[in-house]
Amino acid sequence: PTPDVWRRVDTYLTDTLVGHDPNLEQAVADQNAAGLPPIEVAPVNGKLLHLLARMSGAKRVLEIGTLGAYSTIWLARGIPDDGRVVTIEAEPRIADIARANLDRAGVGQKVEIRLGRGADVLPTLAEGIVSGSSDPFDLVFIDADKESNTVYLDWAARLGRPGTVVVVDNTVRGGEVANPATESAQIIGVQRGLEMLGRDPRFDATAIQTLDAKGYDGIAIALVV
Ligand code: DHB
Ligand code: MG
């Protein structure tokens, strides 16, 4: 299909199935006004994350890569009132925007923003789980620097449990994922992550291609076994 067709279809599906929410749309507007990149997930994919949280009965969600908290709001709305989303953001200025968006959307009390690089914050989350003071995560959404996808997947397995759902964003990147000669460190990171999901016995996984408001991309969905 040409872009005009799939954009029209995405609008149709969004209008028909997702609808419009002022707090989600304001979160995107504030993110854009602050000059952050417009790389939040499309509404249909935010709704997918939300439904996966509900379908899996998730109470504890880990998100790596907060940005303006658009996906964080969707996830937080998919867990019970006593559930928790822990979301990791490296940039303090971005975390401030995310916090304001979460509070305005009414989910602030369910969300803990952990400031820092994933590679630094994730080991601190493991301490709580190993010591038994926190339960493992039920759902993990990986949407940060693609170069680190294998590191994030390794932590997802360690911080999860058999049955934990793992979603990796941006796994097709306009088709570049299937280019074995790519020189992009981000694409190579995506490829290594997918290869890990295919090979690592801790996961069973698939991926789907997506065409939506954000263009041609995809997501991987894995189960920790
Ligand atoms: C990029 C990152 C994302 O997480 C995304 O959803 C889209 C684009 C990027 O780095 O270009
Ligand atoms: Mg993304």
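Which stretch or stretches of the range 181-225 have amide N atoms under 18 Å from the point lying 7 Å from residue 2's Cα along the Cα→Cβ direction?
212, 215-216
Return the distance in nm (one decimal) between the two label points of a simple spin-label model at residue 13 and residue 55, each offset 7 Å from Cα along Cα→Cβ.
Taking the two extended label points, one gets 1.3 nm.
Find the all-direction average of the projected area of the Cα convex hull for the range 3-224, expressing the result in square nanometres with one decimal place.
Here the figure is 12.0 nm², rounded to one decimal.
Going toward the positive end of the dipole of the chain, with +1 on Lys and Arg Cβ and -1 on Asp and Glu Cβ, which of 22, 131, 206 do you reach last?
131
Which value, in debye to the nearest 20, gives the size of the charge dipole of the range 3-224 about its Cα centre, when Lys and Arg are +1 and Asp and Glu are -1 at the Cβ?
Dipole of the range 3-224, to the nearest 20 debye: 380 debye.
Please count, across the chain, the pairs of lysine residues with Cα atoms under 21 Å apart that sit 8 or more places apart or on different chains.
Lysine pairs satisfying the spacing and distance rule in the chain number 5.
Starting from the amide H of residue 90, placed 1.01 Å from N in the peptide plane, find each other amide H under 5 Å away whose residue is 5 or more places distant or on another chain.
66, 116
Given the options 58, 213, 34, state which has the largest fluctuation in a GNM of the chain using a 10 Å cut-off (strictly under) for Cα springs.
Result: 34 has the largest fluctuation of those listed.
Which ³J(HN,Hα) values in Hz, rounded to whole numbers, follow from the phi angles of the range 157-172 under the Karplus curve 6.51 cos²θ - 1.76 cosθ + 1.60, where θ = phi - 60° and Gly and Pro get x?
For the range 157-172, the Karplus-derived couplings read 5, 6, 8, x, 7, x, x, 5, 8, 10, 10, 10, 7, 6, 9, 10 Hz, x marking Gly and Pro.
Of all DSSP beta bridges located in the range 3-224, what percent are antiparallel, nearest 5?
Roughly 45 percent of the DSSP beta bridges within the range 3-224 come out antiparallel.
Spelling out what I want: for every residue of the range 73-90, take phi, set θ = phi - 60°, compute 6.51 cos²θ - 1.76 cosθ + 1.60 (Karplus), and round to whole Hz; glycine and proline get x.
5, 4, 5, 4, 6, x, 10, x, 4, 9, x, 8, 9, 9, 10, 9, 9, 7
Can you figure out the FRET efficiency of residue 130 with residue 178, using R₀ = 35 Å and their beta-carbon distance, to the nearest 0.05?
0.35
Given charges of +1 on the Cβ of Lys and Arg and -1 on the Cβ of Asp and Glu, with all other atoms neutral, how large is the dipole of the range 67-128 about its Cα centre, in debye to the nearest 20?
Using only the charged Cβ atoms, the result is roughly 160 debye.
If you build a Gaussian network model of the chain, linking Cα atoms that sit under 10 Å apart, which residue out of 64, 129, 113 swings the most?
Result: 129 has the largest fluctuation of those listed.
Bear in mind these aren't lab numbers, they're just calculated from the coordinates by the rules spelled out. This is a predicted model, so every value here is computed, not measured. So basically every Cβ, Gly included, is an ideal-geometry build from the backbone, and we count neighbours across all protein chains shown.
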